1. Considering (1) open to solvent by less than 10 Å² (accessible area, probe 1.4 Å); (2) closer than 21 Å to L110 by Cα, say which one V149 fails and leave the rest.
2. Looking at (1) assigned to a helix (DSSP H, G or I); (2) within 30 Å of N234 (Cβ to Cβ); (3) not aromatic (F, W, Y), which one does A88 not meet, given that it meets all the others?
3. Being open to solvent by 50 Å² or more (accessible area, probe 1.4 Å) and among the aromatic types (F, W, Y) is the filter; apply it to segment 175-215 and report the residue that is farthest from L121 (Cα to Cα).
4. When the residues of segment 152-174 are filtered to those that are more than 23 Å from G193 (Cβ to Cβ) and aliphatic (A, V, I, L, M), which remaining residue is most open to solvent (accessible area, probe 1.4 Å)?
5. Determine the pairs where a residue that is more than 13 Å from E240 (Cα to Cα) and of a type in the set (A, V, I, L, M), located within segment 47-70, has a partner that is part of a loop (DSSP other than H, G, I, E, B) and open to solvent by 60 Å² or more (accessible area, probe 1.4 Å) with Cβ atoms under 9 Å apart, the partner being 6 or more residues away or on another chain.
6. Select from segment 234-261 the residues that are touching a residue at least 12 places away in the same chain (Cβ under 8 Å) and surrounded by fewer than 17 Cβ atoms within 10 Å (Cβ to Cβ) and write down the one among them that is nearest to G128 (Cα to Cα).
7. Restricting attention to segment 216-229, which residues are surrounded by 14 or more Cβ atoms within 10 Å (Cβ to Cβ) and either over 26 Å from the mean Cα position of the chain (by Cα) or within 22 Å of T127 (Cα to Cα) (or both)?
8. Determine the pairs where a residue that is free of Cβ contacts under 8 Å to residues at least 12 places away in the same chain, located within segment 82-111, has a partner that is surrounded by 11 or more Cβ atoms within 10 Å (Cβ to Cβ) and not aliphatic (A, V, I, L, M) with Cβ atoms under 6 Å apart, the partner being 6 or more residues away or on another chain.
Amino acid sequence: MNSKVADRIATGVFGLIAVIIITILASLFGYILVNGVSHISWSFITSPSSSIRAGGGIRDQLFNSIYILVITMIITVPLGLGGGIYMAEYAKPGKVTNTIRSCIEVLASLPSIVIGMFGLLMFVNLTGWGYTIIGGALALTVFNLPVMVRVSEDAIRNLPNDLKEASLALGITHWHTIKKVLLPSAFPSILTGAILASGRVFGEAAALLFTAGLSTPRLNYMDWNPFSPISPLNIFRPAETLAVHIWAVNTQGLIPDAKEISAGASAVLIIAVLVFNLSARWIGSMVHKKMTANK
């Protein structure tokens, strides 16, 4: 077999694999959207859920998902970015660095249910908070932090050495080189890591079952006092997210229209993730152009 034939066969095999993957994803998304979009309405999105009567919505669950996502990313991004900068620019090769990297790899491979049990022990029982938004956000931070660290480190390491060397040659300090040269250049890759981490947060259920809980109090969206028990901004209240609500409705829901609620909530979850990812990529591209003066 000559090299041209081998190249064509390899190209065909990889093309077939790509087609299979795209077909599976398109079929999955299509099935969820076709079965769920018809159940989505403004009333469905803005109405509170019901555990007994038909016709409930997903207002509180959707807000809880977005709120936990925001809090988690506020904690995860600075810590993950700092860890990535340290591993890429400051950590010296040796046993300590290898140990840290091994711990990051182990933490990244832990199942979400294990993180949930850890969160139950640390952020629910040990702290005495009970099921809370902040407990769920901290558990998801532990879940997503290794991804953010690894992506940030790889993004900085993969930059051309000429960028760093040219900056240092001009007499610019190491920290200002990182802040003004390396981070703007690595921003698209870092943003991709943040998007991946946020996608895991928005669709996570197992870890939040044991930390944020399976219930949501009746909320008053006009109450902006974060210490009020009925305020949506209170981080010390239980919060059932959209993914957890889908699981609960399918497994232990008593409402007559459980199937319709589940299908509509699943479609909203998929649409929200797609919109968030596309918006984040567009914003990231705009910020990258502004920071690097690229057209």
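1. (1)
2. Unmet condition: (2).
3. W175
4. L170
5. I52/L254; A54/P256
6. Ranking the qualifying residues of segment 234-261, first place goes to F236.
7. Taking segment 216-229 first, the residues surrounded by 14 or more Cβ atoms within 10 Å (Cβ to Cβ) are 216-217, 219, 223, 228.
Within segment 216-229, T216, P217, D223, S228 qualify.
8. Correct list of pairs: A91/T97.
The values are calculated or read from the model by the stated rules, or taken from the named source; none is laboratory data. The structure displayed is predicted, hence computed values, not measured ones. Every residue, glycine as well, gets a Cβ built from its backbone with ideal geometry; the counts of neighbours run over all protein chains shown. For accessibility, only protein heavy atoms count, side chains too; no ligands or nucleic acids. Shrake-Rupley method; radii C 1.70, N 1.55, O 1.52, S 1.80 Å.
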